[in-house]
Structure formats: C-alpha cells, structure tokens
1. Quick check on my filter: what residues within the stretch 112-165 are among the small types (Gly, Ala, Ser), within 23 Å of residue 52 (Cα to Cα) and open to solvent by 60 Å² or more (accessible area, probe 1.4 Å)?
2. Among the numbered conditions (1) β-branched (Val, Ile, Thr); (2) at pLDDT 90 or above; (3) open to solvent by 40 Å² or more (accessible area, probe 1.4 Å), tell me where residue 195 comes up short.
3. Is it the case that the stretch 318-328 has a residue that's open to solvent by 60 Å² or more (accessible area, probe 1.4 Å) and either β-branched (Val, Ile, Thr) or farther than 18 Å from residue 15 by Cα (or both)?
4. Yes or no: residue 366 over 23 Å from residue 47 (Cα atoms), of a type outside the set (A, V, I, L, M, F, W, C) and either modelled with pLDDT of 85 or more or not in a helix (DSSP H, G or I) (or both)?
5. In the stretch 223-245, how many residues are modelled with pLDDT of 90 or more, outside any helix (DSSP H, G or I) and surrounded by fewer than 17 Cβ atoms within 10 Å (Cβ to Cβ)?
6. Pick out, from the stretch 251-308, the helices (runs of 4 or more DSSP H) lying fully within it that include 1 or more residues that are of a type in the set (Lys, Arg) and under 30 Å from residue 47 (Cα atoms).
7. With the checklist (1) of a type outside the set (S, T, N, Q); (2) under 27 Å from the mean Cα position of the chain (by Cα); (3) closer than 18 Å to residue 191 by Cβ in hand, flag the one item residue 97 doesn't pass.
Amino acid sequence: MVSPLDHKLLRDLWHMKGQAIAIGAVIGVGVMMLVMMTGLTASLTETRDTYYQCYRLADVFAPVSRAPERLADKLASIPDVSSVQARVVGRALVDLPGQALPAQAQALSLPKQGRPDLNDIFLTDGRLLNAGHVDEILLLESFAASHGLRPGDELHATMNGARRTFQIVGLAQSPEFLYATPPGELFPDDARFGVIWMNRAALAAAYDMSGAFNEALLGLSRGANEKAVLDAVDRILAPYGGSGAYPLADQLSNRITTAEIESMEAAAVAVPPIFLAVGAFLLYIVISRMVQSEREEIGLMKAFGYTNGEVGAHYFKMVLLIAAGGAVAGCLGGIATGRAMVGLYTAYFKFPFLVFKLDPSSFVTGVSVSILSAS
C-alpha cells in the first residue's frame, strides 16, 4: 500500500517534472560520457594490444641507407633480441585514372616464402603473393577502397624513377599502419597515401638493394633493456648509414593511436565529474527551495506523527529518484553512443575489427557517484 508521503512524492515529481527531467539529463550526460569513454578506452586498448601481438609488430625500427644481408645475424645476436626481420622499404608514386597528380605510396618487401617474422599483414581480400610472379602486389585496403581497386586490377607506379605495372592480387591491413598518413603530414588521407607490399627480390631489384636491406625490424624478449638494444643497433648500423633506431613508442602510427587512447582516458576522468557536480548543485537548489516553501506542510506532517527522519527520507527519496533515473538513462545512452563511436574509430584507425566492450566498473562508478553526489 502506498503511504501518504509516497503519494505526495509522486505528486511533487509530476508538478516539477520539467526540472526533474532537466536535472536528470545533466546527470545522465555525465554518466553517459563515463560509460562511453571507459568502454572505448578498454576496446581500443585491448584491440590494439591483441592486434600487435597476433601480427607481431616490431618493438624496434632501425632504418639504414644500405646494409648487407649478413648484418641481420649480427643484429639477432644482440642480448634481449628475440627476432629480426630485414626488409626493403621505398617510396613510390601511383598513377590513378582520372587524377592529374599521382598518389604517394610506401613500398614494403615481404619474404619470398612464408609469413614475415615481424610486422605481419592481415589479408582482407584476395590471396598472398606468388613467389614466382614479381609483378604481383598487395595493396592497403583503405587506399584501394577509396579508388575502387580490387584484386585482379592493374596498378601503375613509379619506383626509383622507373614506371612499372603491377597486378593487385590481394588487399591487406597491417598493425604498422593503424594510422596511415602521407609522408610529412599528420592527418590521414586514404585517397592520397597507400602501402604496397611486394616480393622482396622484386623490390630489392627496383631500389638496387639486392643482397642488402634498408630497414631492420627487431622483436625484443620480455623484460628487455630497450635502451641498451637501441644503442647496440646504432653501433652496428652506423657504418652503413644508420639514421637511428627508435622504439615502437616513437613509431608514428602507434604514437598517434596511443595518444588518442590516453586522451580518452584523461577525458573519462575529468569530464563526467563536471556534469555530476552541476547536477548535484541543481538538485540542492531545487530541494532546498522546496523545503523552504513547504514549511507549513512539514509542520502538518510532524503534527500527524511523522518523525524528522521520515520527513527527511521523503525528500531524500525525491533526490534518489531523480539521480537514479538520470544515471540509468546515462548508462543506456553510453552503450548506444559507444557503439556508434566504434564506427568512427574503425574509419579513422585501420583496425581489422573493433567491438565496443562494456566496462562493468563504469556502470557501478557512474550510478554510485551520481547518487552519492546528489545525496
């Protein structure tokens, strides 16, 4: 049976429904941002780490002008180095029909047989390269999609001053290019920058790198002394034009991806409390004014035998209903907006997959903090 005080509570909420909805909306926005940001942070971090691990993204990148192939064994003998992949890297200009200016591309070599030990690729369409066909290439999926290119199409590119025609046999993604930007730029442009993977022998011939490499990738063992490894790599490659080895933390794609995750983490801590504090302040103003205006009603309630605790609980229930309603709406909104934001991040960062992962602690934190701040 509903008590007289609960009847009054429902009646009061109906009369002040506009204010209650507005305050609940402010609290809901705070909780929504908390649920969305913590969920996206967890999703991006877990997907990035899994992607890096499954496709063996290198821990150290060591560009060099031209180093003999035998130097790869010397790099592998450095303490704490678990694997080494020597490859050829070059720049290319891609001629596209209907465009006056060629697009920029980075050409990377793949081993003649098998998958690369480091910086493996994720094949999204087509097949892998045939070792006997030097004109076959794999193309970065986002670049191909922006120009309507598919496996089986031809691609004309200029490499080291020579124009060549290639056959696209597959489309691929790579953890090395989560964030793909043209050289010297910070913003991605799928139409103006692509990545070409091709046979090691063919690419080495195009850039006069037969029996040599111009970039070494190193995988480190757990607990490795990264600085010592970088110093050792620089000493070995210095006579051959080494331009300085750098860790994964300084690799452009990873650095921008990590910075986005860190900014999301910081926003999840800093932004939601502002909305919750504003909601609590508005609740304080509304309830305090209601108590002041209902002093006569409070006197009558006490005259009918209601204690101070029962009268206080009556107004406290109103606070809880508004705060809890806003928090629940915020949780549902956070799930919806988080799933919508996943589509944006998969377009912005080249993840092969990204599923919005709910963080249960964000629900507990959002609801409890909303109620406690309002209380």
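1. Hit for the stretch 112-165 is 114, nothing else.
2. (3)
3. Among the residues of the stretch 318-328, at least one is open to solvent by 60 Å² or more (accessible area, probe 1.4 Å) and either β-branched (Val, Ile, Thr) or farther than 18 Å from residue 15 by Cα (or both), which makes the answer yes.
4. Answer is no for this residue.
5. Selection size over the stretch 223-245: 3.
6. Correct list: 252-270.
7. (2)
The values are calculated or read from the model by the stated rules, or taken from the named source; none is laboratory data. Note that this is a predicted model, so its numbers are computed, not measured. When we count neighbours, we look across all protein chains shown, and the Cβ atoms used for this are built from the backbone with ideal geometry, even at glycine. Only protein heavy atoms, including side chains, enter the accessible area calculation; ligands, DNA and RNA are left aside. Shrake-Rupley method; radii C 1.70, N 1.55, O 1.52, S 1.80 Å.
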